[in-house]
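Note sheet for the following structure.
Read the figures in this text as sums done on the coordinates, not as results from a lab. The shown structure was predicted, so the numbers you read here are calculated from the model rather than taken from an experiment. Here the Cβ is made from the backbone with ideal geometry for all residues, glycine too, and neighbour counts use every protein chain on show.
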Amino acid sequence: LRFALQLQNTIEKNFPGLMRPLYFCERQYNMDCSENNLLVEVGSSSNTLEEAAYAGRLLGKSLAVLLDETQRKE
């Protein structure tokens, strides 16, 4: 959960408005099969494929920044 919040903060800082708020629910989507999972959905039925692909690239950049920052702290 902490990592998901850190990722959301990183994305919001670099690309304001890209993410919707985090959604918590009882459903597990096989995330109970191992520890430290993160389910990310990119795009929706209201996005074009190009928009979803662009959002995925921005997600990847933000994830790289967060992982780099996390590694530097260790």
### Query
Within segment 24-58, which residues are farther than 19 Å from Q8 by Cβ and of a type in the set (V, I, T)?
T48
### Task
Identify the residue in segment 5-15 that is within 12 Å of S62 (Cα to Cα) and free of Cβ contacts under 8 Å to residues at least 40 places away in the same chain and, among all such residues, is surrounded by the most Cβ atoms within 10 Å (Cβ to Cβ).
Q8
### Task
Of all residues in segment 17-74, count the ones that are part of a loop (DSSP other than H, G, I, E, B) and either free of Cβ contacts under 8 Å to residues at least 40 places away in the same chain or touching a strand residue (DSSP E or B) at 6+ places or on another chain (Cβ under 9 Å) (or both).
29
### Query
For segment 50-71, how many residues are under 17 Å from A4 (Cβ atoms) and more than 14 Å from the chain's Cα centre (by Cα)?
2
### Query
Quick one: in segment 18-49, which of the residues that are farther than 20 Å from L7 by Cβ and either surrounded by 11 or more Cβ atoms within 10 Å (Cβ to Cβ) or hydrophobic (A, V, I, L, M, F, W, C) (or both) is nearest to the chain's Cα centre (by Cα)?
L49
